Amino acid sequence: MRSAVCFRWFGLLMTALALSASMLAQKGALSPKDQYEKPRTTLLVEPVNVGPRNPALYVPYSGGDFSPASGDIVVVDVTGTPSYDSAGAACNIRMTIPAPAGRDNFNGIGWDVQLTATSPSWRCEIAVLITNVNGQGYILRPGAADCSAGTGFYTSGGVGKLCDVYNLPDLPLPDGNLYLEFFETFNDFADCGQDGNWDSGTLSFQFGTTPPFTGWDETLNGGGDAGETPETAQSTGSGTLTAIRGDLEADGVDMYAIRITDPALFSASLRCNALFDTQLFLFKADGTGAVHNDDTFGLLSYIDNSTGCITEAGVYYLAVSRYNRDPVGCEGGFIWNNSPFDAIRCPDGPEAASRVSGWSGSTTAGGTYIITLQGAEGTTAGNPDDCPPPPLDHWDETINGGGDAGDLPATAQVVSRPEATPCQTAVTRISGNRANSSDADMYIICITDPASFSATTVGGAAFDTQLFLFRCDGTGVVHNDDCGSLQSCIDNSTGCITESGIYLLAITGYNQDPVDSSGQLIWNNSPFGEIRCPDGPGAANPVAGWTGTGGSGTYVIQLQGAYFVSPQGCETPPGCAGDVNGDGHTDDTDLLAVLFAFGNFCPGCPEDLNGDDFVDDQDLLIVLFDFGCGS
């Protein structure tokens, strides 16, 4: 949970723009968990994508003056315009501004206005949504710096170009119209009560003509969506490469092969060329990281060799993503740390030396972008060496498990390797990928000593995780959502794990939760920061499904006190009382294990078959009388 004081408006705005006003918080109160949140400045003009507009809800504006003589600026008188509710409210004032003849984009803005906010409303909450018919555009808040009630006069000092002043792109107008909605980023007076007022003044909108694009186009030249790893990166032809244009889908990453001719002259920039929070990454020919930037121009990215990260000319891979979708190495760790956001950085994450193997983090669609380049040429993508196989104490959902882990006990992935002795060979990490927002992954593991068991995703995921432990019959054991961060950890500090045995470990993204056959929650949604035994209305019942959705991406679960299981997993025959190593048989291996541990005080040891904390003649007799079981 995060506090929302001066910057609370953005999270609430996104909620309002999605027409989900039920989650609105009180001033100064805690806001809902937001896996995409990051520190941000108080912006006067910020890009948004709010979905298609309905022209029937907008009134054409006809009172504007056209200036200068070229007719590229429309001046709108906003005197007396009320500011009512959150975006999308039926009572909000809406209007369309037709572009002057021959103009197909909106490229500049200015304002001279007086605003009044009625307490408890604030002047920084008085806003106007400026979009095209597709819902792409900007939010203008002239009083962004004044988070208090009262009256203030605000001026831009003339019309400023979106690119020159705000580093933002010109806005295309497919139907020739600009759509305005006056709204509140925080609704203090419900049911269309008036929060504020545009007392007097004007808004000025400048229009222009979009020049033709010259460069490499992802679809027209590349034939379709660029891949996200060097193996699937899009080749970019040959000769001088000055720009790359593409489109990012939800959870998208686009990677292009380029040739850098002189590291000192190289740069790649998204300034003025994207309507979303971008990230740029450059990888070497072998797939290892070279340089990265998130925010140089507001929320837009720029990389060059000012930090000396590019050591030689040659083939590289240039990738673009939306914040916060980040590259991970062969072991599932981040190649770059999440911050500082505005620095141009060489790899500095836990897997800084690894080649890229995938991406972590869930994002909405970004839209169109143009990367402008200097010191680059087109080239053909190569095929770097693959990641090495995981170490013997690691488990990978795809490499070892063969594909997506199931989400219920019957389809859970069995963590078993031929070279591992069941319930004796430790598994220290499980890596996988939540492929989408409803993908729960469940794994079968062995726990021999509940006191020594722990599992954590802290430092191993870019999304807001949840961990759950179940018995083989599907009943819940222990759960945690937030372990000092948005990642999770479980152990036996609360005494929920009462015995050794075979268990099911599941991971989801917040807020995807297990339910019983009646749809009842097995765990309540909160408190988020506690390690809890089942406490929901379905606490006593086995898991039958999942409700809700959550973030997606790659993850790593670090384990202690966890072991591989036999290939039978939860189906291991229960009748072998003397099966010390959990391989489904009572044989000479189990007999030798008891003999070597004979006479020891050994609480929780698998050789202590009767659970009295000692390995003695009683345990030996269990093996002898059960000898041959399962064969």
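None of the figures in this text is laboratory data; all of them are computed from the coordinates on show. In this text, all values refer to a predicted model and were calculated from it rather than measured experimentally. Positions of Cβ are backbone-derived with ideal geometry, glycine not excepted, and every protein chain shown enters the neighbour counts.
Kirkwood hydrodynamic radius, computed over distinct alpha-carbon pairs, for the range 107-235: how many Å, to one decimal?
17.3
Taking a quarter of the surface of the convex hull around the Cα atoms of the chain, what do you get in nm²?
Quarter of the Cα hull surface area: 31.9 nm².
Return an integer: the convex hull volume of the alpha-carbon atoms of the range 394-569, in Å³ per residue.
Looking at the range 394-569, the number lands at 93 Å³ per residue.
What is the sum of charges, Lys and Arg at +1 and Asp and Glu at -1, for the other residues whose Cβ falls under 10 Å from the Cβ of T209?
For residues surrounding T209, the net value is -2.
Among C576, C446, C91, rank each residue by its count of other Cβ atoms within 10 Å, from fewest to most, as a rough exposure measure.
With the sparsest Cβ surroundings first, the list reads C91, C576, C446.
How large is the Kirkwood hydrodynamic radius of the range 359-446, counting all unique pairs of alpha carbons, in Å?
Value: 16.6 Å, from the Cα pair sum.
Give the shape of the range 90-155 as rounded, prolate or oblate, defined through the alpha-carbon gyration tensor: a ≥ b ≥ c are the square roots of its eigenvalues, a/c under 1.5 means rounded, and otherwise the shape is prolate if a/b is larger than b/c and oblate if not.
In terms of gyration-tensor shape, prolate.
Compute the helix-to-body angle for 588-597: its Cα long axis versus the longest principal axis of the chain, expressed 0 to 90° and rounded to tens.
Value to nearest ten degrees: 90.
Which number do you get for Rg(Cα) / (2.2 N^0.38 Å) in the range 216-378?
In units of the globular-protein estimate, the range 216-378 measures up at 0.91.
For the range 175-281, what is the relative contact order in percent, using Cα pairs closer than 8 Å and at least 6 residues apart in sequence?
That works out to 19 percent.
Any chance you could give the angle, 0 to 90 degrees and rounded to 10, that helix 617-626 forms with the longest Cα principal axis of the chain?
90
Calculate the tail of P(r) for the range 574-626: the fraction of all Cα-Cα distances greater than 15 Å, expressed in %.
Distances greater than 15 Å cover 31 percent of the Cα pairs.
Just want to confirm a number: the relative contact order over the range 394-569, from Cα pairs under 8 angstrom separated by 6+ residues, in percent.
It comes to 34 percent, rounded to a whole number.
Looking at the calculated P(r) for the range 160-203, what percent of the C-alpha pair distances fall above 11 Å?
78
Which of the peptides 317-324, 138-145 is most tightly packed, and how do the rest follow, going by the mean number of other Cβ atoms within 10 Å of each residue?
In descending order of packing, they fall as 317-324, 138-145.
Pairs of alpha-carbon atoms within less than 8 angstrom and 6+ residues apart define the contacts here; what relative contact order does the chain have, in percent?
It comes to 10 percent, rounded to a whole number.
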